[in-house]
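Below: the structure, in structure tokens.
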Amino acid sequence: MTTPRATDLNYPETGASTTPGRPLPAGYNHLRHRAPIGHGRAALEAAGAAVLDWRMHRAAGVRITTDADRAAPGAAVHCAIGIGPLRAAAPCRVIWTADGPDRYGFAYGTRRGHLAVGEETFLVEMGPDKAVWFTVNAFSRPRSWYARLAGPLLPLAQRLFAHLCARALTRIATAATAGAAAGR
């Protein structure tokens with residue numbers, strides 16, 4: 001599902017990160033991260049809920065506020081990214097969601113005021129073998145002069161965030177699988 005183009009996004013390629021395997025736009029740093037996070041329906045549903053209700057972001061250490069309890073097209077998202085007290089505002093808007101039965105996730109795009117321009121998709125999927133995978137697909141480039149000064153640190157920070165999200169979802173999926181097994 002996609003939404004009509006939001007007028008407050010600060011990049012023109014809306015939706016370009018939402019299709020796995022699709023080439024990402026030229027002129028941006030690209031990130032493709034895929035990690036196994038669990039196995040089975042309980043792992044998929046727990047991880048999918050954590051992505052859609054923002055728990056993944058919070059578990060990965062991001063301070064996030066939003067005007068929606070759950071990711072939905074059009075929802076405004078405000079993240080505070082950085083280390084310790086050194087944080088920058090990162091306003092985004094959800095542009096796409098997937099809500100089951102075998103894939104859950106969303107994409108958000110940067111809005112005016114963000115230190116970068118681009119888009120990021122977070123997706124949890126279960127394959128035919130019941131393996132559950134987490135994928136981050138993103139393209140971005142610095143917008144502000146101080147973000148450009150950071151050079152390769154921004155793509156490195158984005159990769160670190162993808163790894164932290166995968167670890168958080170692995171913990172959530174593992175707990176759900178253990179809980180489902182105990183309930184049998």
Query raised in the report: If you go through region 89-96 one residue at a time, do you hit one that is in contact with a His (Cβ under 6 Å, 6 or more places away or on another chain) and aliphatic (A, V, I, L, M)?
Result: yes
Query raised in the report: So which residues in region 133-184 are of a type in the set (S, T, N, Q), more than 20 Å from Ala80 (Cα to Cα) and at pLDDT below 95, if there are any at all?
Result: Thr174, Thr177
Requested in this report: For Phe122, state whether it is closer than 30 Å to Thr7 by Cβ, at pLDDT 95 or above and either of a type in the set (A, V, I, L, M, F, W, C) or in contact with a helix residue (DSSP H, G or I) (Cβ under 9 Å, 6 or more places away or on another chain) (or both).
Outcome: yes
Requested in this report: Please indicate, with yes or no, whether at least one residue in region 49-65 is under 16 Å from the mean Cα position of the chain (by Cα), free of Cβ contacts under 8 Å to residues at least 24 places away in the same chain and assigned to a strand (DSSP E or B).
Outcome: yes
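Working carefully through the options Thr18, Thr2, Thr14, Thr97, find the one that is at pLDDT below 95, hydroxyl-bearing (Ser, Thr, Tyr) and over 18 Å from Ser140 (Cα atoms). Quick ask: steps written out before the conclusion?
Numbers: Thr18 fails: over 18 Å from Ser140 (Cα atoms); Thr14 fails: over 18 Å from Ser140 (Cα atoms); Thr97 fails: at pLDDT below 95.
Exactly one residue qualifies, and that residue is Thr2.
Return yes or no: is Gly100 within 16 Å of Arg34 (Cβ to Cβ) and of a type outside the set (Val, Ile, Thr)? Walk me through how you get there before you give the answer.
Working: within 16 Å of Arg34 (Cβ to Cβ): no; of a type outside the set (Val, Ile, Thr): yes.
So Gly100 fails the test.
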Report task. Confirm whether Ala60 is among the aliphatic types (A, V, I, L, M) and surrounded by fewer than 16 Cβ atoms within 10 Å (Cβ to Cβ). Result -> no
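The values are calculated or read from the model by the stated rules, or taken from the named source; none is laboratory data. These numbers were taken from a predicted model, which means no experiment stands behind them. Counting neighbours? That spans all protein chains shown, and the Cβs are built from the backbone with ideal geometry, glycine included.
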